[in-house]
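The values are calculated or read from the model by the stated rules, or taken from the named source; none is laboratory data. Computed from a predicted model, the values in this text were never measured in an experiment. Please note: Cβ atoms are built from the backbone with ideal geometry, for glycine as well, and neighbour counts cover all protein chains shown.
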Amino acid sequence: MPSDLVPLFDFDGTLLDSDAALCAPFLALGVARDDLPPLGLPLAEACERVGITSADYLARYDPTAAQPFPGVAALVGALGAWGLASNKERTSGRRELARLGWNPTVALFSDDFGGAEKALGPLLGRLDLDPAAALYIGDTGHDRACAATAGVRFAVAGWNPRARDDAHSGELVLDHPAQVLDLVAGVG
């Protein structure tokens, strides 16, 4: 792997242990657990699938409920340039970044993609970054597909047990956020 890679991250399920926080508003609005939309969808699409409004969802979302996975705060604090591409709604995402004191070089949210699912191309463009100089870390099949479409190497945020369980054979699965530092410095 080339040295001096710039890490790009998904937000929910990768940096934040947010599965329960993301599901809680749906459950509070009467969506049965078996009918919950898949994690990782843009909010508008997820809400449309279950027949609720984004406004109702956001009114019940607790922006303090999702906390960083162990080791993520130290990782983020040790990074130089880094990017974030998330299907989270921009206002909510920016509020969570501010709460955590995190300042990615570039952070793009669902609104930045016209409400569509995230794509790494715009993030690479804003960072003036060649795909070979980036590593995308995520937790879902959509993250995997995003990286493949952009020609960016993908790593599974294996510190999230759900992501580890869904990893494909032969994929790079990271056990701890500190491993990202080794990878971007060309050690791993």
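Here the stretch 58-104 is the region considered, the condition is being among the β-branched types (Val, Ile, Thr) and more than 15 Å from the chain's Cα centre (by Cα), and the residue that is nearest to LEU16 (Cα to Cα) is THR64. Can you tell me which of (1) small (Gly, Ala, Ser); (2) at pLDDT 95 or above; (3) part of a helix (DSSP H, G or I) is the one GLY30 doesn't meet? For GLY30, the exception is condition (3). Looking only at residues of the stretch 136-149 that are among the hydrophobic types (A, V, I, L, M, F, W, C) and surrounded by fewer than 24 Cβ atoms within 10 Å (Cβ to Cβ), we find that the one that is modelled with the lowest pLDDT is ALA145.
When GLY71 is tested against (1) in contact with a His (Cβ under 6 Å, 6 or more places away or on another chain); (2) buried (at least 17 other Cβ atoms within 10 Å of the Cβ), exactly one condition is not met: (2). Out of the stretch 80-109, which residues are small (Gly, Ala, Ser), assigned to a helix (DSSP H, G or I) and at pLDDT 90 or above? GLY93, ALA98 - these are the residues of the stretch 80-109 that are small (Gly, Ala, Ser), assigned to a helix (DSSP H, G or I) and at pLDDT 90 or above.
Elements of the type strands (runs of 3 or more DSSP E) sitting completely within the stretch 133-188 and holding at least 1 residues that are among the aromatic types (Phe, Trp, Tyr) and in contact (Cβ under 8 Å) with a residue 24 or more places away in the chain: these cover 134-138. The set of residues from the stretch 62-79 being assigned to a loop (DSSP other than H, G, I, E, B) and either touching a strand residue (DSSP E or B) at 6+ places or on another chain (Cβ under 6 Å) or under 19 Å from ASP139 (Cβ atoms) (or both) comprises ALA65, ALA66, PHE69, PRO70, GLY71, LEU79.
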